[in-house]
Structure formats: structure tokens, C-alpha cells
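Undergrad: For reference, the structure I am asking about is given below.
The values are calculated or read from the model by the stated rules, or taken from the named source; none is laboratory data. Given the structure is predicted, the values throughout are model-derived calculations rather than measurements. Note that we place each Cβ from the backbone using ideal geometry, even for glycine, and neighbour counts take in every protein chain shown.
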Amino acid sequence: MYDMKRLADLVKSLEDSLAVCMRCGMCQAVCPLFAETGREADVARGKLALLDGLIKEMFKDPEGVRERLSRCLLCGSCAANCPSGVKVLDIFFDARVILTGYMGLNPVKRAVFRGMLAHPEFFDRLLHSASTIQKLFLVPSDDFSGLSCARFSLPGLERHVKALAPVSFRKSPGRHTPGNASGPAVAFFVGCMVDKIYPDTGHAVLKALRYNQANVLMPEEQGCCGIPALASGDLETFEKLVRYNLERFDPAGFDFLVTACATCTSTIKKLWPRFFGGREKARLDELAEKTMDISQFLVDQTGLIPAASSATGHKEPLTYHDPCHLKKSLGIAAQPRRLLSANPAYDLREMNEADRCCGCGGSFNLQYYPVSAAIGRRKCDAIIESGCSTVATSCPACMLQISDMLSQAGKRIQVKHAVEIYAESIRFRD
């Protein structure tokens, strides 16, 4: 349970925010969940009406409200297209915090968030152990090494997953890249999935930063950005993780902070400062100002030094998926495409509905997999129709979802991060 005064303040803020919504229904046209279910309760307008009733009834049915609030991808499509400028995501985060503060966490989430995620050193050891025994539960799917998904050997689990890396990025050889004293000081926030599942993305970030003459700072110990906990209303774990990371990423010690995860970038820039006050708020505001997606930093700050290599002959067809947290939340869409176009070995072809949500939504994928997969299959179809041999994106969560869908469809299409495509073209002159 949380401090009741703080919960009361959140309720008051929620009431003020709800008054802005005109119930016009514009969110229906862009909500990927509503497109699949056709249920008013699944669209933002329905949830906002529900929250208004929740406040008036003094939490008469909090469990029912929490169930309906959890049926949301938090993709931000509604907020990005709202004519009234309703800050829908802020409202949903506040509402989830209020409900969790009022009702408490369920035992499973309490064990995961407060028993594991809130303790980064223990969490790292736990996932390292899991990487050594995962072969007992996973069997290779019928695709090629570029996708390298696996299926669960347990009955009833149909999804295809990317296995944990045998060695995490932060523990792997070659992670220490010498900086250039004349370049900007850049801190690298790795993020959980790049560290544990996509270490190649992490190495690509270091390679690109070095090539673009950045002086890289990467603290050995880092924690989760906290978004899984906050999305479930666990403000206690979220705040603990933010403070843990702030101790390791003092904004006074570098010029920029970069991530290769759209969700981490959006969380650090928007949510870290929002839930804090006092001196921490001032430092987090400063940190937010310095935080950038890797593509944004390379394009807007360094000018994206052209690759030294040149391609001859056939170009591989490539398409790009816009992560919701990057385009809709932060307005970043051109920069990752600049990264892709910088590699002359690829021919960038735009897919249909490139910025439509892939259906992952973090824990939404775990809790509502059938509808998550249905949304994902629409994205999968668009990727296939583009005629690409590789699909790139800028979010590890999107990479997981797209890999799952393509693997289940039996399509041999590689899934890569945009910075990996750029890094492939780099040839150092020294």
C-alpha cells in the first residue's frame, strides 16, 4: 500500500485530466486493440468513462476496473491522435498506480517486481542461471539462423521466443570500447533486453558510437528502467529502480545518455521526472534533456559519419517498423531511416502501416497473448507484403514480437535493430 495523501493527490490529478476528454471517439480509429475486439471498453474513451465512474463510486469495483485498464497496449496511438490533447497515457499510469496502491499487487507480480526486478544484481544472476537451463524448455523452431527463435516444449504454449543469450552484453568480451577524448561524453543505458537477449545490438551501439567519435561511459551495474513495474502500478519498485540508476548515471558526468530501446528512452525522458519531486526531480529533468535514442544521437548530434565501405551488386530489400514509443511518444521516425539508408548494401522499402503497433505491449503480451498475436499477425502480413528479406526496428520488445510472428508464419525474414544495419557498414580506418 502507498501513502494515502499521495494517492489522494493522484486521484485529484486524474479528475482534472479526465475533464479534458470530450468522448469524441477519435481514439477508436487508431486503437489497435479496438480494431481486433470492437469493444468500447477496450478503447481509450471507454476506459476514461470508466475511470470517471470509478472516482465517483469511490472504488466500488476496483478489480473490474483494473482488469479493463490492463487491457491496453500503452502504445500511445490514442494520445498521439487526440484532438483535445488528452494525456491518455499519463491518466492510465496514474490510474494503475492508484488501483495498485488501493488494492496491492497480486502475489506473482509482487514476487517478480519486488523480489527480483528491484534487486538488479540478483536479477542478473537469476537470468544467467536461466540461460543455462533454458534448453530444457525450448526447442529450435523451423527457421534459419537469422531469426533463431525457439518453441516451448511444454504443451499449450504456442509462442516462439528468442532465447536468452548465453553471455549477457554487459558480461561479454569486447564491451569496453575506448572513447575519443575530443568527442562528446556519451553514457550508454543498455536496458534489460539488449543486455540479456540482444547483445549484438549492444555491440553495434558501441561500434557506432566509437566510429562517430564519442567518448563512451557505460557503468558496469545497471538496472531496469522500471517500466514493467510502473505499467502494473507498482510505484514502489519503479522509484527504487529509478534511484538505483540515477546513482550510476549522474547527469553532471556526461553530455548525452543514449539507449537502443524505444521504451527505455521514452520512460527515462517522460516517466522518470514525472513521478518525482524535489532535488531528484531537478536531476531527472536534466537527465531527461540529455537522453536520446541512438539513431537520434547519431543523426542529430554527430551528423552520422558516412560508412567507409561501399556496396556493389545486389541490394538486400529492407523494411522498417516504427516502434510506438519512439514515433508516437517521442516523434522520432526520420532518424532511424537515415541509419538504414547509410548502409549501401540495403534497399529500404516502406511497409504498409509502418507505425501501426506490433501488438507486444510488454506485459500485455503475457496476459492477453491471443489478441496480442492477432495484432502482431497484421504487422507480420505488412512485413511480408513489403518483399523484404530483413525487417529493422528500434525496440527490442518489437523485435521479440515480430520474430515470434514471422517464425510462426514460417517466413525466413531476419529481424534486426536499425543500429545493427548501420554498424554492418562500418569499417574502421585505424
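Undergrad: Among (1) surrounded by 16 or more Cβ atoms within 10 Å (Cβ to Cβ); (2) free of Cβ contacts under 8 Å to residues at least 24 places away in the same chain; (3) within 23 Å of residue 192 (Cβ to Cβ), there is one condition residue 333 misses while meeting the rest; what is its number?
TA: It fails just one condition, (3).
Undergrad: Look through 205, 194, 190 and report the one residue that is assigned to a loop (DSSP other than H, G, I, E, B) and of a type in the set (A, V, I, L, M, F, W, C).
TA: Selected residue: 190, the only one of 205, 194, 190 that is assigned to a loop (DSSP other than H, G, I, E, B) and of a type in the set (A, V, I, L, M, F, W, C).
Undergrad: Let me ask something else. Taking the stated definitions as given, is residue 25 at positive phi, surrounded by fewer than 17 Cβ atoms within 10 Å (Cβ to Cβ) and modelled with pLDDT of 80 or more?
TA: For residue 25, the condition - at positive phi, surrounded by fewer than 17 Cβ atoms within 10 Å (Cβ to Cβ) and modelled with pLDDT of 80 or more - is not met.
Undergrad: Now a separate question. Applying the selection to region 211-230, what residues are of a type outside the set (D, E, K, R) and assigned to a loop (DSSP other than H, G, I, E, B)?
TA: 212, 213, 214, 218, 219, 222, 223, 224, 225, 226
Undergrad: Just name the residue that is modelled with the lowest pLDDT out of those in region 164-184 that are among the hydrophobic types (A, V, I, L, M, F, W, C) and surrounded by fewer than 16 Cβ atoms within 10 Å (Cβ to Cβ).
TA: For region 164-184, the residue satisfying everything is 181.
Undergrad: Same structure, new question: Going through region 42-87 one residue at a time, which ones are in a helix (DSSP H, G or I) and modelled with pLDDT of 85 or more?
TA: Scanning region 42-87 gives 70, 77, 78, 79, 80.
Undergrad: Now, a different point. Within region 268-277, identify whether any single residue is hydrophobic (A, V, I, L, M, F, W, C) and farther than 26 Å from residue 102 by Cβ, and answer yes or no.
TA: yes
Undergrad: If you take just the helices (runs of 4 or more DSSP H) that sit entirely in region 314-430, which of them hold at least 1 residues that are closer than 26 Å to residue 297 by Cα and among the hydrophobic types (A, V, I, L, M, F, W, C)?
TA: 324-330, 334-341, 396-408, 418-424
Undergrad: Determine the pairs where a residue that is touching a residue at least 60 places away in the same chain (Cβ under 8 Å), located within region 71-86, has a partner that is hydroxyl-bearing (Ser, Thr, Tyr) with Cβ atoms under 6 Å apart, the partner being 6 or more residues away or on another chain.
TA: 76/329
Undergrad: Now for a separate question. Give region 334-353 a look and list any residue that's of a type in the set (Gly, Ala, Ser) and within 12 Å of residue 402 (Cβ to Cβ), or say none.
TA: Across region 334-353, there are no qualifying residues.
Undergrad: In addition: Name every residue in region 245-285 that is among the small types (Gly, Ala, Ser) and surrounded by 18 or more Cβ atoms within 10 Å (Cβ to Cβ), in order of residue number.
TA: 260, 262, 266
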